[in-house]
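Undergrad: Take a look at the following structure, please.
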Amino acid sequence: MNALIIHNISKKFNGFYAVKDFSLTVPQGSIYGILGPNGAGKTTTIRMIMNILIPDEGEILIFNQKMNETLKNKIGYLPEERGLYRKMKVYEILSYFAELKGMSRSQIFQKIDEWLSRIGLLEWKNKKVEELSKGMQQKIQFISTILHSPNLIIFDEPFAGLDPINTNLLKDIMLELKKQGKTILYSTHLMEHAEKLSDYVALINKGKKVLDGKLSEIKAKFGKNLILEFDGDNGFLNQIKGIKRIYNFGRYVEIELERETDPQDVLKTVINKVKLTKFEVAEPSLNDIFIRIVSEEKNETYKNY
Amino acid sequence: MIFLSELLVKKKMKLIKIIKKEYLTIVKKKSFLISTLLTPLIMGAFIILPIIFAQISPEMHKKIAVIDFTGEIFQELTKNLNRKLKTGEPAYKLFEIKTTENEVEKVKESLREKVEKKEYYGYLILNKEIISKREAEYYSKNVSDLQTIEELKAAISDSIAKLLLQKEGIELEKIKKAMKRIELKTIKIVKGKEKKAGFLSEYFGLIFLVSLLFALILGYGMTIMRNILEEKNSRIVEVLLSSTNSFELMMGKILGIGGAGITQMVIWALLIALSIRYFSFRFPQIEFTIFGTNILIFFFIFFILGFFLFSTLFAIIGAITNTDYEAQQLAAPITWILIIPFLIAIMTTKNPNGIVSVILSFIPFFTPIVMFMRISITPPPFYEILASILLEIITIIFLIWITSKIFRIGILMYGKRPSFQELMKWIKYK
């Protein structure tokens, strides 16, 4: 069962494609990351999912329905641009947002207390929003998104502007929600956020999806990376067999191996040529993968041999 | 069917939540409390107090010394100068000062001192030639007290007349009866009913009510504008739209904020009714019914109509602008539309059925104020009132439709303000 299916949506602004021919399938109970640099079209995509923007082409189905008023109660949405009523008290604003999601008042107050203590802001319950720090406001807005326990939760850049501790807190909450069977779609421009959190990722660049799928499969597909640091001439690099690509930074080299190549063989070849100071077999980071794909499109500027 | 009605209830529930939140946000504000309590106070200060002061300024009896060289007039004068104060006391107390013509200057000097010390209000000298010359002298610190002067004049004249007529053997009372002038009372006819009122007090009462109507429509309209702008700038609007739709959001705001306005007026009406009861109990001799009940009902109706009409315009401005400054700029023409009726107010009061007033009262943007003016001066035929109200309602429905189209797109647009052509395009979108 899929929580969200996007079929070939496109959106043009002033003749320029913000999102082009974008498709996505988000399985229920998964955490799906939409990754890409600033201006890639992440927020536009999310706004189209939320029906705030209407796609020029294509179709979006949430739990097999087009967006409608009843569906809205099952969705939680944290927009990229944050904002709360400055003059309202924390619990007032939380209960207002929850009531608008069709939650009954009797449930709301218990939930507010639960979540406020979870994020460590229970004693701020009766304070006005304007008295809170920016980070606190952001956490309040985060829980306002999930208070009504929606089945599909959409976070646009949930970690933007948060310190590492709070980032981890939110990640933990997201993982808990997943355990409860909720589906989470989120966007970020910082790839490292997605590494341990996401079951699935889609990488988008300049309005187009460049890659999507299960994170583990993507990583497997991109094989292992070798990282070498050494003293001496790097001419030996041409003699290594079974290599897909080399990112050459002088005395520091990242090597992308063919899937069947054994790093052990490479070590044997290299060890006689130069004095190694570092030899590491690593999974490629999402960052590497993204840069690789993007640079392939840009005529492989990083490839330097 | 059941599912559908359930859906309808759920949808309505959200609208009610929005109305409730917008309503409470305003009603809980300190400024709301202050303006709700302060306005009737100011109104009282402007309307009720002058009436009270004018009618019950404590009037004291006036002591007047009289030097009567004729020796006859004083007696008559005390009888003729017999007006009573509200307390039942006589308004004037006369004291005869006996003197001779040689000593008169001395006496006058001591009287001057006594007037200065306020022992006497003034003194009167009736010379021997008074009957032939018809001249008397009155000395007082306050010679612009026209009432006293007129009353003295009349009383002295009457006394002389009586003396002269007595000598001829004719009774003054008979002549007075025969010569009595009639008094012309001015009574205004309103809807076939009679109503006592002066032009001035009516004019000020009307201008006050119309200004209040203007201030309320403008004030609550501006509140909607700023409210939308706040949600737009703080980007709360996206969260709200993920829970509800733009039409519900807009209507929730208009109804919630309008509701706060109605609440304020109901409180005012109650306060006014209570204070009128109180004051008419305390001062039964004063008539406090300045505005008729129908006038107040029409005030209510035209506030609601005017508010709905202009709130849509203010909602558009809030939705298409990004800063307070920009919004104020666009709001200025609306303020002018509301001010125009004031420019013709004097004309309307003098001739409420003049062609300009009649035409303006049927143009929906002017109807609330101009029609209200006309009604409160000389009610036009009922069908005219009804027609203007219907026209107003149709315009409101049309404007709400247009506004919802613009609002839906505008609240999510940041940056450059859309041009008029772009707005037209938005209205044409599905």
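Values quoted throughout were computed directly from the atomic coordinates according to the rules given, and no laboratory measurement underlies them. Nothing here was measured: the structure is a model prediction, and the numbers come from that model. Please note: Cβ atoms are built from the backbone with ideal geometry, for glycine as well, and neighbour counts cover all protein chains shown.
Undergrad: Just to be sure I follow the definition: excluding the sites themselves, where is the longest run in chain A that has none of the GluC sites (Glu not before Pro) in a DSSP loop with at most 13 other Cβ atoms within 10 Å?
TA: Of all site-free stretches, the longest is A:1-257.
Undergrad: Moving on. Looking only at region B:19-40, which residues have a backbone nitrogen under 15 Å from a spot 7 Å from the Cα of B:Leu212 in the C-beta direction?
TA: Hits in region B:19-40 for B:Leu212 at 15 Å: B:35-40.
Undergrad: With loop defined by DSSP as not H, G, I, E or B, and exposure as at most 12 other Cβ atoms within 10 Å, which is the longest segment of chain B clear of exposed chymotrypsin sites (Phe, Trp or Tyr not before Pro)? Let's see the in-between values first.
TA: Values: sites that count: B:Tyr414, B:Tyr429.
Result, exposed sites excluded: B:1-413.
Undergrad: For region B:346-418, which trypsin sites (Lys or Arg not before Pro) pass both filters: DSSP loop (anything but H, G, I, E, B) and at most 12 other C-beta atoms within 10 Å?
TA: Passing sites in region B:346-418 are B:Lys416.
Undergrad: Something else now. Over chain B, what relative contact order in percent results from Cα pairs under 8 Å that are six or more residues apart?
TA: Once normalised by length, the contact order is 17 percent.
Undergrad: Here's something else I'd like to know. For region A:1-154, what's the relative contact order in percent, using C-alpha pairs closer than 8 Å and at least 6 residues apart?
TA: Normalised by residue count, the contact order of region A:1-154 is 24 percent.
Undergrad: Past 30 Å, Cα to Cα: identify those pairs from B:Lys253/B:Lys428; A:Lys101/A:Lys214; A:Lys139/B:Lys253, in the order given. Before the final figure, lay out the partial values.
TA: Working: B:Lys253/B:Lys428 24 Å; A:Lys101/A:Lys214 32 Å; A:Lys139/B:Lys253 27 Å.
Among B:Lys253/B:Lys428; A:Lys101/A:Lys214; A:Lys139/B:Lys253, the Cα-Cα distance tops 30 Å for A:Lys101/A:Lys214.
Undergrad: Still on this structure, please answer the following. Could you name the aspartates and glutamates whose alpha carbon sits less than 13 Å from that of A:Lys178, not counting residues in the same chain fewer than 8 places away?
TA: Qualifying aspartates and glutamates at Cα under 13 Å: A:Asp199.
Undergrad: From the backbone phi of region B:357-364, what are the Karplus-calculated ³J(HN,Hα) couplings (6.51 cos²θ - 1.76 cosθ + 1.60, θ = phi - 60°) in whole Hz, Gly and Pro given as x?
TA: After applying 6.51 cos²θ - 1.76 cosθ + 1.60, I find 4, 5, 4, 4, 5, 9, 8, x Hz.
Undergrad: Could I ask something else about it? Beyond 37 Å, what percent of the Cα pairs of chain B remain?
TA: Counting pairs separated by more than 37 Å, the tail of P(r) holds 50 percent.
Undergrad: Oh, and also: Counting other C-beta atoms within 10 Å, and keeping those with at most 15, which DSSP coil chymotrypsin sites (Phe, Trp or Tyr not before Pro) do you find in region A:149-256?
TA: A:Phe249
Undergrad: Sticking with this one: Please give the average number of partner chain Cβ atoms lying within 10 Å of the Cβ of each residue in A:95-105, rounded to a whole number.
TA: For this peptide, the per-residue mean of nearby foreign Cβ atoms is 5.
Undergrad: What is the Cα radius of gyration of region B:294-430 over 2.2 N^0.38 Å, N being its residue count? Write down the numbers at each step before the final one.
TA: Working: Rg = 16.9 Å, N = 137, 2.2 N^0.38 = 14.3 Å.
So the Cα radius of gyration is 1.19 times the expected 2.2 N^0.38 Å.
Undergrad: Also, quick follow-up: Loop only by DSSP, 13 or fewer other Cβ within 10 Å of the Cβ. Give me the trypsin sites (Lys or Arg not before Pro) in region B:113-156 that pass, ordered by residue number.
TA: B:Lys117, B:Lys118, B:Lys128, B:Arg134, B:Lys141
Undergrad: Using Cα atoms only, what is the angle between the long axis of helix B:382-410 and the major principal axis of chain B, expressed in degrees (0 to 90) to the nearest 10?
TA: Roughly 40 degrees between the two axes.
Undergrad: What Kirkwood Rh does chain A have if only Cα atoms enter the pairwise 1/r average? Answer in Å. Numbers along the way, then the final one.
TA: On the way: mean 1/r = 0.0463 Å⁻¹.
Roughly 21.6 Å, rounded to one decimal.
Undergrad: Within the P(r) computed for region A:166-305, what percentage of the Cα pairs occupies the region above 23 Å?
TA: 45 percent
Undergrad: Calculate how steeply helix A:134-146 sits against the longest principal axis of the alpha-carbon atoms of chain A, using the helix alpha-carbon long axis, and give the answer as 0 to 90 degrees to the nearest 10.
TA: Long axis of A:134-146 versus the principal axis of chain A: about 80 degrees.
Undergrad: Distance in nm between label sites at B:Phe281 and A:Thr269, each 7 Å beyond Cα in the beta-carbon direction?
TA: 10.7 nm
Undergrad: What number, rounded to the nearest 500 deg cm²/dmol, is the helix-based mean residue ellipticity at 222 nm of chain B, given -39500 (n - 2.57) per DSSP H run of at least four residues and division by all its residues?
TA: The per-residue figure over chain B is -22500 deg cm²/dmol.
Undergrad: Same structure, new question: Springs between alpha-carbon atoms under 10 Å, Gaussian network over chain B: tell me which of B:Thr395, B:Thr148, B:Thr323 tops the mean-square fluctuations.
TA: Judging by the Gaussian network model, the answer is B:Thr148.
Undergrad: Sticking with this one: Treating cross-link reach as a plain straight distance, find the lysines whose alpha-carbon is under 24 Å from the alpha-carbon of B:Lys106, omitting any fewer than eight places away in the same chain.
TA: Of all the lysines, those that pass the test against B:Lys106 - Cα under 24 Å, at least 8 places apart if same chain - are B:Lys62, B:Lys63, B:Lys93, B:Lys98, B:Lys114, B:Lys117, B:Lys118, B:Lys128, B:Lys141.
Undergrad: Calculate the mean, over all residues of peptide B:404-410, of how many other protein chain Cβ atoms lie within 10 angstrom of the residue's Cβ.
TA: On the way: counts 0, 0, 0, 0, 0, 0, 0.
For peptide B:404-410, the averaged partner shielding equals 0.
Undergrad: Over chain A, calculate the relative contact order: mean separation of alpha carbon pairs under 8 Å at least 6 apart, over the residue count, as a percent.
TA: Details: 534 pairs, mean separation 62.1, N = 305.
It rounds to 20 percent for chain A.
Undergrad: Which percent, nearest 5, of DSSP beta bridges in chain B are antiparallel? Intermediate results must be reported in sequence, preceding the final value.
TA: Details: 8 of 18 bridges.
Bridges in chain B that DSSP calls antiparallel: roughly 45 percent.
Undergrad: Using only Cα atoms and rounding to the nearest 10 degrees, what angle (0 to 90) does helix A:286-297 make with the longest principal axis of chain A?
TA: Between helix and principal axis, roughly 70 degrees.
Undergrad: If you don't mind, there's one more thing I want to ask. Name the residue farthest towards the positive end of the dipole of chain A from the options A:Ile289, A:Met48, A:Thr167, assuming +1 on Cβ of Lys and Arg, -1 on Cβ of Asp and Glu, about the Cα centre.
TA: Farthest along the dipole direction, towards plus: A:Met48.
Undergrad: So what are the protein assembly as shown's ellipsoid semi-axes, whole angstrom, largest first, if each one is the square root of 5 times an eigenvalue of the alpha-carbon gyration tensor?
TA: 90, 28, 22
Undergrad: On to the next question. Which percent, to the nearest 5, of DSSP beta bridges fully inside the protein assembly as shown are antiparallel? Present the calculation step by step, with values, prior to reporting the outcome.
TA: Details: 47 of 75 bridges.
Bridges in the protein assembly as shown are about 65 percent antiparallel.
Undergrad: Sequence-distant or interchain residues sharing an amide H contact under 5 Å with A:Ile243, placed H: which?
TA: Hits under the 5 Å cutoff: A:Glu258.
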